[in-house]
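Below: the structure, in structure tokens.
FYI, it's all coordinate maths here, none of it is from the lab. Remember, predicted model here, so these are calculated numbers, not experimental data. Neighbour counts run over all protein chains shown; Cβ positions are idealised from the backbone, glycine included.
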Amino acid sequence: MEPWRHLRMTARIEDYGLIGDGETAALVSRDGSIDWLCWPRFDSSACFAALLGDTGNGRWRVTPKSENPRMERRYMPNTLILETSFVTKEGEVTLIDFFPLRGRASQIVRLVVGKRGAVRMHSELVIRFDYGASIPWVRRTDDGALLAISGPDKVVLYTPVQLRGEGMTTVAEFTVSAGQTIPFVLMHTQSHLPTPDPVDALDALRQTQQFWEGWAAAHRNKGVADAYASAVTRSLITLKALIYAPTGGIVAAPTTSLPERIGGPRNWDYRICWLRDATLTLLAFMNAGYYDEARDWRDWLLRAAAGSPSQMQIMYGLAGEKRLAEWEVPWLAGYEGSKPVRVGNAASEQLQIDVFGEVMDALHQARVGTLRNPGEGWDFQRALTDHVEEIWSSADEGIWEVRGGRQQFTHSKVMAWVALDRAIKSAETFGLEGPVDRWRKLRDKIHRDVCEKAFNRSLGAFVQAYGSENLDASTLLIPAVGFLTATDPRVKGTIEAIERKLMPDGLVLRYETGETRDGLPPGEGAFLACSFWLADAYILAGRRDDARKLYERLLSLRNDLGLLSEEYDPRAKRLLGNFPQAFSHIAMINTAHNINTHARPCQQRSGLALHAAAEK
């Protein structure tokens, strides 16, 4: 083993913080190591991939030389600027990490600020392009910068600190005294282009802080309890950081292959934009007052899905790319040995009927929220509705993207009903033309079909698929989308059955992986969005105290920076899955609004009145 490929125990998922510039993002560990960064886009190959391998796969650590320093961290209030304080016997320093607003090139700034005493510091930079596989050619430039090139990529490091090469690694040792600030600026650009000038680190800090504080100040907190306001603001900032600014697309997460079970194969690439998040994303942004972001997301959705409805996918690339071929990265060991590491997502080729209802619902909510002219895009929506008429009765892979064969999934049928329902509502509310009588007949037919075939009388609950005896958390959305009220005995029975069978540790599982034919070995954490859905169902059913109790438990699962991943392991007490996860933060925002009285997404979406007890 080469001397630079020394092993380091991977940090826990919750030990990471997020920084980004609206086109890519990095994960920074509690000990000052950037272990994940894809440049120049969220979905580019990683140049720091230690998160999914070891330090030899790329990372950048800046930390005191002293052993076991005491560490604390936070975001500068209402920003995405991360501050990590290290206290040693020698004194105290603060490491400030952020991406400046992107100009001609993407840049990371790291400022080492002396607070007390004189602290000896160590920097170790390991650049490995192509997901940790490619060692770049490194040399000095005439102005003293460090230049690393590999194929199309060029990275340049500017710092006044003296650097040296050591075993295919760039290291530095320096001392920071009280009142002193030492900058590091790492820039990425294409290798064939001239290198842009670096930013002025302190000026970039000021501008970046002003941007985020100004953006956060636009948050309309009306309808969110004071106890939840800071959590909602942090979730909104996180969502903003996951927007690919050039197009308005929102990545599900900035990572790939963080496991849903440690050591297992449920490891997926989430640096992709899913359609199923569309409606709740729109409502989250609109209810918080961020209409520009909502409009950009709506426009991305229309562009990505444009074309023949029969070719509409469940997910697209950042700019609407359709080809998301899945492949495995054999040279990466996986997060804590969780293999395979995957790039791309084969689920993009699946049939999931629920996305047609999701798109129709999102575009209807966009009209209601005055994001668009009433008639804009209606021809496209009519074509989608025609396609749903043809395929609604087909088996599909469902919301959870099973790889064990198609089934008649209940949620898919419910969302086919939503597609017809929103077409009818749009036509009636906005005076749009369409065969409304025919749509009503089909809507009623789908409703009867679901109620007859998806409701298991022996369980007293709606089940995962027609004829199944397995429960599924997606049935919690039945009242949220307006299919039935939450006080309907069948919905109440479904909630109670899920409480009995899908909540072994007080959080909601998507389904019982040992009983569902999903093509994978059993075992995963609790899917956090599903627990938020249960809180929403409680609200609609009048169980407001239960909703608050569950919501506050979910808030307690966030890391110290207010971030959530996709799943949680209640027994190991650790976050699982890709991180931070947009779906979890969207759900957190919407449930906070649902608990209060101003703008309730569950009521906006369903169009149904809340149970009277919910208002007490």
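Ignoring aspartates and glutamates fewer than eight residues from Lys445 along the same chain, the ones with Cα atoms less than 18 angstrom from its Cα are Asp354, Asp386, Glu389, Glu390, Asp421, Asp437.
Computed from backbone phi with θ = phi - 60° and the Karplus coefficients 6.51, -1.76 and 1.60, the 3J(HN,Hα) list for region 212-221 is 5, 5, x, 5, 5, 5, 6, 4, 8, 7 Hz; x is used for glycine and proline. Cross-link partners for Lys89 among the lysines, with Cα-Cα distance under 19 Å and sequence neighbours closer than 8 places in the same chain left out: Lys65, Lys115.
When Rg and the Kirkwood radius Rh are both evaluated on Cα atoms of region 417-503, their ratio Rg/Rh stands at 1.06.
Name the shape class, rounded, prolate or oblate, that the alpha-carbon gyration tensor gives for region 384-442, where a ≥ b ≥ c are the square roots of its eigenvalues, rounded holds for a/c under 1.5, and otherwise prolate holds if a/b is larger than b/c and oblate otherwise. Here region 384-442 falls in the prolate category.
Mean projection of the Cα convex hull over all viewing directions, computed for region 439-555: 7.8 nm². Placing unit charges on each Cβ (+1 for Lys and Arg, -1 for Asp and Glu) gives region 1-151 a dipole about its Cα centre, and among Ser134, Gly91, Asn78 the Cα reaching farthest toward its positive end belongs to Gly91. The spacing between region 344-369 and region 388-409, judged by their C-alpha centroids, is 14 Å. Helical runs (DSSP H, four residues minimum) scored at -39500 (n - 2.57) apiece and divided by the length of the chain put the mean residue ellipticity at 222 nm at -10000 deg cm²/dmol. Averaging 1/r across all pairs of distinct Cα atoms in region 291-442 and inverting the result yields a Kirkwood radius of 16.9 Å.
In this structure the amide hydrogen of Ile250, modeled in the peptide plane, comes within under 5 Å of the amide hydrogens of Tyr244, none closer than 5 places in sequence on its chain. For region 330-344, just list the computed ³J(HN,Hα) in residue order, Karplus coefficients 6.51, -1.76 and 1.60, θ = phi - 60°, integers in Hz, with x standing in for Gly and Pro. After applying 6.51 cos²θ - 1.76 cosθ + 1.60, I find x, 7, 9, 6, x, 4, 6, x, 7, 10, x, 8, 10, 10, x Hz. Going through the cross-link list Lys322/Lys453; Lys501/Lys573; Lys413/Lys573; Lys453/Lys573; Lys240/Lys492; Lys549/Lys573, which pairs have a Cα-Cα distance over 29 Å in this structure? Beyond 29 Å between Cα atoms: Lys322/Lys453; Lys413/Lys573; Lys453/Lys573; Lys240/Lys492. Size descriptors for region 280-362: radius of gyration and Dmax over Cα atoms are 16.1, 45 Å. Separation of region 570-587 and region 138-171, taken as the distance between their Cα centroids, equals 36 angstrom.
Quote the convex hull volume per residue of region 13-192, based on C-alpha atoms, as a whole number of Å³. It would help to have the intermediate numbers written out before the result.
Details: hull volume 21.6 nm³, N = 180.
Cα-based convex hull of region 13-192, divided per residue, equals 120 Å³.
Relative contact order (percent) for the chain, with alpha-carbon contacts under 8 angstrom and 6 or more residues of separation? Intermediate values should be presented prior to the final figure.
Numbers: 1398 pairs, mean separation 74.3, N = 616.
It comes to 12 percent, rounded to a whole number.
Phi angles of region 460-471 translate, via the Karplus equation with coefficients 6.51, -1.76, 1.60 and θ = phi - 60°, into HN-Hα couplings of x, 8, 6, 10, 5, 8, 4, x, 7, 10, 9, 8 Hz per residue; Gly and Pro are given as x.
Near Ser134, the amide H atoms lying under 5 Å from its own belong to Phe129; only residues 5 or more places off or on other chains count, and H is placed 1.01 Å from N.
Size descriptor for region 223-615, Kirkwood hydrodynamic radius: 20.9 Å (Cα pairs only, one decimal). For Met121, nonlocal amide neighbours, meaning residues 5 or more places apart or on other chains whose placed amide H falls under 5 Å from its own, are Lys65, Phe174, Thr175, Val176. For region 20-88, taking the reciprocal of the average inverse distance between every pair of different Cα atoms yields a Kirkwood hydrodynamic radius of 13.1 Å.
Only alpha carbons enter this Debye calculation for region 161-279, each as an equal point scatterer, and the log10 of I(q)/I(0) it gives at q = 0.21 Å⁻¹ is -1.23.
Using the Cβ-Cβ distance between Thr175 and Asp386 with R0 = 60 Å, the FRET efficiency computed as 1/(1 + (r/R0)^6) comes to roughly 0.30. For region 136-190, just list the percent of Cα-Cα distances falling in each 10 Å bin from zero outward, please. Reading upward from the zero bin: 21, 51, 23, 5, 0.
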